[in-house]
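The structure appears right after this line, and notes come after that.
The values are calculated or read from the model by the stated rules, or taken from the named source; none is laboratory data. Fair warning: this is a prediction, and the values are worked out from it, not measured in the lab. Cβ atoms come from the backbone with ideal geometry, glycine included; neighbour counts cover every protein chain shown. All accessible areas refer to the heavy atoms of the entire protein, side chains included, with ligands and DNA or RNA removed. Shrake-Rupley method; radii C 1.70, N 1.55, O 1.52, S 1.80 Å.
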Amino acid sequence: MTVEGSAKASVNLESLELLCDYLVGALLYVRVAKANPGMNPELSCTDASGKAGEFGALKEGYMFECSTGLSRMVLSTPTCPVLDTFGKKLSFEIAVGLNGRVSVNASSPSTTIIIANALINSEALSGVQQKIMAEKLVERVQ
């Protein structure tokens with residue numbers, strides 16, 4: 001795994017300490033740098049320019065799995081109506097992977113669960129239906 005500040009050819013003490021901080025089962029937001037059939041993928045906690053950016057361990061929040069189609073819809077442009085509506089009224093963080101794993105972190109556990117359930121339920125709805133559902137949920141939260 002590549003960590004900011006480490007060279008590919010050598011692993012320095014600082015990057016080794018960073019790698020040891022990740023326990024088995026830890027939820028990491030990483031970029032797949034290289035993937036070949038028959039080999040383990042090379043993961044990176046840095047962007048293409050070598051900066052850590054938003055990559056790394058996700059320490060708080062709720063992770064759930066969804067279809068890869070839903071994760072692509074959430075990441076697509078124009079923005080997802082559910083996230084757009086919630087983003088105007090609620091404070092939360094979301095990390096979406098193309099592998100169908102989504103991590104949501106909000107100010108309260110109930111808000112986190114509402115956002116997660118709304119995303120899961122939005123898969124079968126049209127854009128207009130998603131917006132209506134999200135607006136009704138926002139009214140209940142406030």
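For first residues located in the range 82-93 and under 16 Å from Arg140 (Cβ atoms) and in contact (Cβ under 8 Å) with a residue 24 or more places away in the chain, partners that are surrounded by 14 or more Cβ atoms within 10 Å (Cβ to Cβ) and among the hydroxyl-bearing types (Ser, Thr, Tyr) and lie 6+ apart or on another chain with Cβ distances below 7 Å form the pairs Val82/Ser122; Leu90/Thr111.
Within the range 83-94, which residues are of a type outside the set (Phe, Trp, Tyr) and crowded, with 17+ Cβ neighbours inside 10 Å? Those that are of a type outside the set (Phe, Trp, Tyr) and crowded, with 17+ Cβ neighbours inside 10 Å: Leu83, Thr85, Leu90, Ile94.
Taking each residue of the range 106-133 that is under 22 Å from Lys59 (Cβ atoms) and looking for partners that are surrounded by fewer than 17 Cβ atoms within 10 Å (Cβ to Cβ) and of a type in the set (Val, Ile, Thr) with beta-carbon atoms closer than 8 Å, six or more apart or interchain, yields Ser110/Val141; Thr111/Val141; Ile114/Val141. For the residues Gly38, Gly61, the requirement of being open to solvent by 70 Å² or more (accessible area, probe 1.4 Å) and on the phi > 0 side of the Ramachandran plot singles out Gly38. Scanning the range 44-57 for residues that are modelled with pLDDT of 80 or more and open to solvent by 50 Å² or more (accessible area, probe 1.4 Å) gives no hits. Screening Gly53 on (1) part of a helix (DSSP H, G or I); (2) on the phi > 0 side of the Ramachandran plot shows it passes everything except condition (1). In the set (1) among the hydroxyl-bearing types (Ser, Thr, Tyr); (2) open to solvent by less than 40 Å² (accessible area, probe 1.4 Å); (3) more than 15 Å from Ile120 (Cβ to Cβ), Ser71 fails one condition alone, (3).
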